[in-house]
Amino acid sequence: MAEGFKIEQNHGKSRVRVTRVWRSVAGSGDLIVEWNVGVSLFSDCLPAYVSADNSAIVATDSMKNTVYAKAKECTEVMSMETFAVLLGRHFTSYYPQVTAAVIHIVEKPWERVAVDGQPHSHGFKLGSEKHTTEVRVEKCGTLSVTSGIEGLALLKTTQSGFEGFVRDHFTLLPETRERMVATKVTAAWRYPFAHVSDIPAKPFCFTQRYLDVKKVLADTFFGSPLEGVYSPSVQNTLYLMAKAVLNRFPDIASVKLRMPNLHFLPVNLSSKDNPNMVKFADDVYMPTDEPHGTIEATVSRAMSRM
């Protein structure tokens, strides 16, 4: 409280881009990661706001430099979740006035290339979907770790429909049991670690868990290779995807999915010479994502929090 006002504040550094290369990793050659790091510090620097006293402010330039310095210290291959925990623990222990740190990282998807079927020792290409994490570390050691995916684009050319929805005088959409379905998944899942001491002594492979979750999400969306699986709605498919992740990984406490419904509209044409509508036979479509439906839900275990 200051001068009768309540102030809630934090400050940080955004879009700190750092690339780390580990040379000659056993059995695979060089390994590269490119991270876009955001740092937010919660600290006792109220005098900076109310009396122009900057003596307790950690400069955002110092935060940026810390990211590069800590990346240099990581001589062993490290996941970005582990790096985020490392940064959070540093800021909350090194600066007495800092009570909590939130670290947000987005990883650029560099993927190793193969030449003539053989993985290249130092060649990479840019992929599509991105791995994300947000970690909060408090001075007392309290911890929350959330990982996620941005931009996981999935599409089926059949085995989807939408029927039985509310109809009123605003409804023009016809019911169907045959349509294309496409989405670009944003996912976030929370780990059960509540304190820095809860992270296993043996390094927990967050990166492998990210790859495994991504595979479960995609496999559930598509179904078996030949028969597939029918989707009666994006809502139902979303739930089945989240449930599959929770059933497969007991170390994940909750899953949040956001799945916009990206449309492929059958093309129909008419002309002056042929005023009757010419309907294409389920083979020519107009892709559009504006406007689009947005379906979002969080699925948690009992007694879990997202």
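The values are calculated or read from the model by the stated rules, or taken from the named source; none is laboratory data. For clarity, every value in this text was computed on a predicted model and none was experimentally measured. Cβ sites come from the backbone with ideal geometry, for glycine too, and all protein chains shown count toward neighbours. Side chains included, ligands, DNA and RNA excluded: accessible areas come from the protein's heavy atoms. Shrake-Rupley method; radii C 1.70, N 1.55, O 1.52, S 1.80 Å.
Here are a few things to note about the model shown:
- Hey, residue 125 under 30 Å from residue 41 (Cα atoms) and basic (Lys, Arg) or not: no
- Pick from the stretch 2-23, criterion on the phi > 0 side of the Ramachandran plot and modelled with pLDDT under 90, ranking: least open to solvent (accessible area, probe 1.4 Å): 4
- Scanning the stretch 262-270 turns up no residue that is open to solvent by 80 Å² or more (accessible area, probe 1.4 Å), at pLDDT below 90, assigned to a loop (DSSP other than H, G, I, E, B) and not polar (S, T, N, Q).
- Residue 123 falls short on exactly one of the conditions (1) without any contact (Cβ under 8 Å) to a residue 12 or more places away in the chain; (2) open to solvent by 70 Å² or more (accessible area, probe 1.4 Å), and that condition is (2).
- Residue satisfying condition, being over 18 Å from the mean Cα position of the chain (by Cα), closer than 25 Å to residue 143 by Cβ and hydrophobic (A, V, I, L, M, F, W, C), within set 302, 281: 302
- Only residues that are open to solvent by 40 Å² or more (accessible area, probe 1.4 Å), without any contact (Cβ under 8 Å) to a residue 60 or more places away in the chain and not in a strand (DSSP E or B) were counted in the stretch 221-261, giving 9.
- Scanning the stretch 74-86 for any residue that is at pLDDT below 95 and of a type in the set (D, E, K, R) turns up at least one such residue.
- Residue 107 being over 17 Å from residue 31 (Cβ atoms) and charged (D, E, K, R): no
- Pair list, Cβ under 6 Å, 6 or more apart: the stretch 49-64 residue of a type in the set (A, V, I, L, M), other residue in a helix (DSSP H, G or I): 57/48
- Of the residues 174, 192, the single one that is in contact with an Asp or Glu (Cβ under 7 Å, 6 or more places away or on another chain) and either assigned to a loop (DSSP other than H, G, I, E, B) or touching a residue at least 40 places away in the same chain (Cβ under 8 Å) (or both) is 192.
- Test: residue in the stretch 151-168 that is under 22 Å from residue 37 (Cβ atoms), open to solvent by 70 Å² or more (accessible area, probe 1.4 Å), part of a strand (DSSP E or B) and touching a strand residue (DSSP E or B) at 6+ places or on another chain (Cβ under 8 Å): no
- In the stretch 296-303 there is no residue that is modelled with pLDDT of 85 or more, within 20 Å of residue 158 (Cβ to Cβ), of a type in the set (Gly, Ala, Ser) and open to solvent by less than 80 Å² (accessible area, probe 1.4 Å).
- The residue that is nearest to residue 256 (Cα to Cα), counting only those in the stretch 103-151 that are of a type in the set (D, E, K, R) and over 10 Å from the mean Cα position of the chain (by Cα), is 136.
- All positions within the stretch 26-84 that are in contact with a helix residue (DSSP H, G or I) (Cβ under 8 Å, 6 or more places away or on another chain), assigned to a loop (DSSP other than H, G, I, E, B) and open to solvent by 50 Å² or more (accessible area, probe 1.4 Å): 53, 54, 55, 57
- Among the criteria (1) modelled with pLDDT of 95 or more; (2) open to solvent by less than 70 Å² (accessible area, probe 1.4 Å); (3) on the phi < 0 side of the Ramachandran plot, the one residue 93 does not fulfil is (2).
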